[in-house]
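The values are calculated or read from the model by the stated rules, or taken from the named source; none is laboratory data. Quick caveat: nothing in here was measured; it's all calculated off a predicted structure. All Cβ positions, glycine included, derive from the backbone under ideal geometry; neighbour counts span all protein chains shown. Protein only, heavy atoms only, side chains kept; ligands, DNA and RNA dropped before computing areas. Shrake-Rupley method; radii C 1.70, N 1.55, O 1.52, S 1.80 Å.
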Amino acid sequence: MYDFFVSYVWPVVIIVAQSVLMLVVLLIAIAYVLLADRKIWAAVQIRRGPNVVGPWGLLQSFADLLKFVLKEPTIPAAANIGIAAYYGEWDDFWGSAGQLGVNLVAILLAGTVTLAIQRLLYERRRERHLSARA
């Protein structure tokens, strides 16, 4: 059993780990190359580059990735409810209604959390500003 592990399993584990490490390094490098590209084109257009997410915009590419991954359209789910009800496909109707409900709850939750974090950060900044004046 030990020979099988050393001869077959361990090399596969090493190859997978090296592949994942290479993929992570490449993705991070590409994210920063994209950031550099955006900053260069911002300078060409005489405007400020991406500077909103993270210090000096260093996390902008990762924010764009997160936005792309989490973007979920709600219109097809809502449209499918009406079509399924018209044709009497009640399994599809309830499935689409459930999906629409999940989408709406996720949107409301994300908005509420975002506003709560913004309020917390605003209050911290305001307290710091008022304490610096006193």
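Hey, what's the Kirkwood Rh for the range 20-81 if you take every pair of different alpha carbons, in angstrom? Intermediate values should be presented prior to the final figure.
Values: mean 1/r = 0.0732 Å⁻¹.
Result for the range 20-81, one decimal place: 13.7 Å.
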For the range 15-30, 3J(HN,Hα) per residue [Karplus equation, 6.51 cos²θ - 1.76 cosθ + 1.60, θ = phi - 60°, Hz, x = Gly/Pro]: 5, 5, 4, 5, 5, 5, 4, 5, 4, 5, 4, 5, 5, 5, 4, 5
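Cβ neighbours within 10 Å, averaged per peptide: list 98-105, 55-62 in order, most packed at the top.
55-62, 98-105
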With the 1.4 Å probe rolled over protein heavy atoms, the chain has an accessible area per residue in Å² of 86
Considering only protein heavy atoms and a probe of 1.4 Å, how much of the accessible area of the range 12-57 is carbon and sulfur, as a whole percent? 78
So if each residue of separation counts as 0.36 nm, and I subtract the Cα-Cα distance between residue 126 and residue 18, what length gain in nm does that give? 34.2 nm
How large, in percent, is the carbon and sulfur part of the accessible surface of the range 92-134 at a probe radius of 1.4 Å? 65
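For n ≥ 4 DSSP H runs only, could you compute -39500 (n - 2.57) per run for the chain, divide by its residues and tell me the 222 nm figure to the nearest 500? If you can, show how the numbers build up before the last one.
Working: 4 runs with 103 residues, N = 134.
Helix-only estimate at 222 nm: -27500 deg cm²/dmol.
Cα gyration tensor of the chain, axes a ≥ b ≥ c as square roots of the eigenvalues: rounded (a/c below 1.5), prolate (a/b > b/c) or oblate? Please report the intermediate quantities before stating the final value.
Numbers: a/c = 1.84, a/b = 1.01, b/c = 1.83.
It is oblate, given that a/c is not under 1.5 and a/b is not larger than b/c.
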